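As structure tokens, the structure follows; a few thoughts come after it.
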Amino acid sequence: RGVPSGVEMAPILPLLTDSPDQISATVRRVAAAEAVSLTPRVLRLPPGAREWYMAWVGEHHPGLVARYGELYAAGAEADPVYVRAVVGQVLQVAARYGLSPTRPEQPLPLALPAPTQISLL
């Protein structure tokens, strides 16, 4: 209705909702809804949430527990290399749809991370 709006794509769940196909489908839907910006956020696991979420992963995706332990070994934030790769992937797809990485009220652009050649799995 003429009101510029942005979407926070969050949380992106490592190894569960971070595949290129899932990212593209989500960004495509955001663009179809006529959003003007998209801000990707990878799952944070602060104390309390971490224990609950890891129990859920253990119950529903036991094969991912060790990898989650590696990704979140330093604390609540996922490994920075992983985060940069996922955020970069989302922002590259978003740019193809003309979505800005900033909200309309946030004039300073976010820097697009340098492309990496790491595997997300």
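Length available on full extension from residue 13 to residue 59: 0.36 nm per residue minus the Cα-Cα distance, which gives 15.0 nm. Among the trypsin sites (Lys or Arg not before Pro) in the stretch 1-80, those placed in a DSSP loop whose Cβ has at most 16 other Cβ atoms within 10 Å are 1, 44.
Read-outs throughout are calculated quantities, based only on the coordinates presented, and are distinct from any laboratory measurement. Note that the structure is predicted; figures quoted are calculated from it, not measured. Note that we place each Cβ from the backbone using ideal geometry, even for glycine, and neighbour counts take in every protein chain shown.
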